[in-house]
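Taking it in order: structure first as structure tokens, then the write-up.
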Amino acid sequence: MIFTGLIGYPLSYTLSPKIHNAAFKQLGLRGIYLPLPVKEANLTAFMKDLRNKNFRGLNVTIPYKERVLDFLDRISPEAESVRAVNTLIIENRRLTGHNTDLDGFRGSLAEKDIKIADRKVLLIGCGGAGRACACVIRGRKPGAFFVSDLDDEKAKITAQNFGAEPVNFRRLEAILSKNMDLVVNAAPADLQEIILPVLKSGSVYFDLNYRFGLNSKKGVRVLNGLPMLVLQAARSFALWTGERAPVRIMKTAAGIK
């Protein structure tokens, strides 16, 4: 049996078990994916004990994508580049960290044909997922790249690491008025009422959150993070099983038609 799962807290709502368990079933693999809510006070004990469990791998979500770094034996170069991990592989009692959010964001940009080169881009939210997006955006050579976060210091550090300009969160509306081509919301908050009214026609609003009901604005493409969730899950699944993930089945399980 291939035991996998998701650690985070709280985990009151997650589509990841549906997505991964559908993939196991489609490929005829004896595997299971479990939600594993771990309170912050119990994280150290959980991670230390993980080496003795029968798990093949785990996903990591808020608020632990950075905190788990302290418990790993090795991290992949991409995870190192963003200093955040969302996928663990457990093998021979050793823990290796990966970041498949980069794969998910890259894949989403490709699927939706979103161009970044020479465009004006604003990223809001500089946590683990946000920094993964920042890494991808930098690699696409935007014409102008801005980052913002409720924590101004976090925005400044992210900007320095990924060649962007930090923006004080209180100045969001001012920077949005400068004709952004793409706005990515990686913050765990619904910011549509702030962002959509000032976006120009032809721009894209990409909200990594998939639980918010998205509004619409004429001339603006409004996208949610469900495709990114599935594509990062597909990469995690492949890392754990060595099999090509059945992406179409995983999308159906996530409610993507």
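Read-outs: derived from the displayed coordinates by stated rules, not from any lab. Quick caveat: nothing in here was measured; it's all calculated off a predicted structure. For neighbour counting, all protein chains shown are included, and Cβ atoms are generated from backbone atoms with ideal geometry for every residue, glycine included.
A few remarks follow.
- Computed over the stretch 170-227, relative contact order equals 32 percent, with contacts defined as Cα pairs under 8 Å that lie 6+ residues apart.
- Sorting C126, C135 from the fewest to the most surrounding beta carbons within 10 angstrom yields C135, C126.
- Bins of 10 Å from zero: percent of alpha-carbon pairs in the chain: 7, 31, 35, 20, 6, 0
- Note on Q160 and L27: the model spin-label points, each 7 Å out from Cα along the C-beta direction, lie 4.1 nm apart.
- Charge tally in the Cβ shell below 12 Å around A155, where Lys, Arg are +1 and Asp, Glu are -1, A155 excluded: 0
- 3J(HN,Hα) along the stretch 56-61, derived from phi through the Karplus expression 6.51 cos²θ - 1.76 cosθ + 1.60 where θ = phi - 60°, amounts to 7, x, 9, 8, 10, 10 Hz, with x in place of Gly and Pro.
- Distant-in-sequence amide H partners of I75 (H built 1.01 Å from N, under 5 Å): G97
- Mean residue ellipticity (222 nm) of the chain, computed from DSSP H runs ≥ 4 via -39,500 (n - 2.57), nearest 500: -10000 deg cm²/dmol
- In percent, rounded to a whole number, the relative contact order of the chain is 17, using alpha-carbon pairs under 8 Å and six or more apart.
- 14 Å beta-carbon shell around L50, net charge (K/R +1, D/E -1): +3
- Note on K65, K218: ascending count of other Cβ atoms within 10 Å places them as K218, K65, the fewest first.
- Scoring 144-152, 237-245 by mean Cβ neighbours within 10 Å over their residues and listing the highest first yields 144-152, 237-245.
- Cα point-scatterer Debye curve for the stretch 138-188, base-10 log of I(q)/I(0) at q = 0.16, 0.17, 0.24, 0.31 Å⁻¹: -0.43, -0.49, -0.99, -1.41
- HN-Hα J in Hz across the stretch 205-215 - Karplus 6.51, -1.76, 1.60, θ = phi - 60°, x for Gly and Pro: 10, 10, 9, 5, 5, 10, 8, 6, x, 7, 7
- When the stretch 23-161 is reduced to its Cα atoms, the Kirkwood hydrodynamic radius in Å: 16.6 Å
- For the stretch 4-43 and the stretch 189-246, distance of Cα centres in Å: 20 Å
- For T100, T14, the sequence from fewest to most other C-beta atoms within 10 Å is T14, T100.
- Along each principal axis, Cα extent of the stretch 103-224, largest first, Å: 34, 30, 27
- Binned Cα-Cα distance frequencies in the stretch 1-85 - 5 Å width, integer %: 3, 13, 23, 23, 20, 14, 4, 0
- Annotation: amide H of S203 within the under-5 Å range of R221, sequence separation 5 or more or interchain, hydrogens built in the peptide plane.
- Of the residues L231, T14, Q192, the one whose Cα sits farthest towards the positive end of the charge dipole of the chain is L231 (charges of +1 on Lys and Arg Cβ, -1 on Asp and Glu Cβ, taken about the Cα centre).
- Within the stretch 167-207: backbone nitrogen closer than 17 Å to the E40 label point (7 Å, Cα to C-beta): 188
- Which listed pairs, of K65/K141; K120/K154; K115/K141; K120/K251, have C-alpha distances above 19 Å, in listed order: K65/K141; K120/K154; K120/K251
- In order along the stretch 64-72, phi translates into HN-Hα couplings of 10, 4, 9, 5, 5, 4, 5, 10, 9 Hz, rounded to whole numbers, per the Karplus curve 6.51 cos²θ - 1.76 cosθ + 1.60 with θ = phi - 60° and x for Gly and Pro.
- Taking a sphere under 11 Å around the Cβ of V121 and counting the other residues whose Cβ falls inside, with K and R at +1 and D and E at -1, yields a net charge of +3.
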